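In what follows, a structure is listed as structure tokens, so that the remarks can point back to it.
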Amino acid sequence: MVSAMNTVRMEEMPNGPVNTPEFGTVKDPEEFKGLLEMDSYHQLEPSTDYHATLIKAGIYDPRVIAW
């Protein structure tokens with residue numbers, strides 16, 4: 001399983017369009033609200049100390065974008 005860290009941009013990823021029935025689309029205002037709530041990047045608070053993380057990506061895996 002691959003985590004969905006940036007659900008707002010998910011539709012721009014190679015596997016994104018096939019996941020819209022499960023997660024929703026940014027084109028629908030109600031579904032966009034859900035995607036925004038799930039999006040880890042949009043939940044970060046300024047001036048907040050967070051634990052260090054290690055994020056790894058497979059550079060040759062076309063299904064997982066390593067932005």
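Each value in this text was obtained by applying a stated rule to the coordinates, not by laboratory testing. Everything quoted here is computed from the prediction, not taken from an experiment. Cβ placement follows ideal geometry from the backbone for every residue including glycine, while neighbour counts extend to all protein chains displayed.
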ask   = So if R0 is 25 Å, what FRET efficiency would residue 31 and residue 52 give, r being the distance between their Cβ atoms, rounded to the nearest 0.05?
value = 0.15
Quarter of the Cα convex hull surface for the chain, i.e. its orientation-mean projected area (nm²) = 5.4 nm²
message = Explain nothing, just compute: Karplus ³J(HN,Hα) = 6.51 cos²θ - 1.76 cosθ + 1.60, θ = phi - 60°, for every residue of segment 45-56 in order, whole Hz, x for Gly and Pro.
response = 9, x, 6, 10, 7, 10, 5, 5, 10, 10, 10, 10
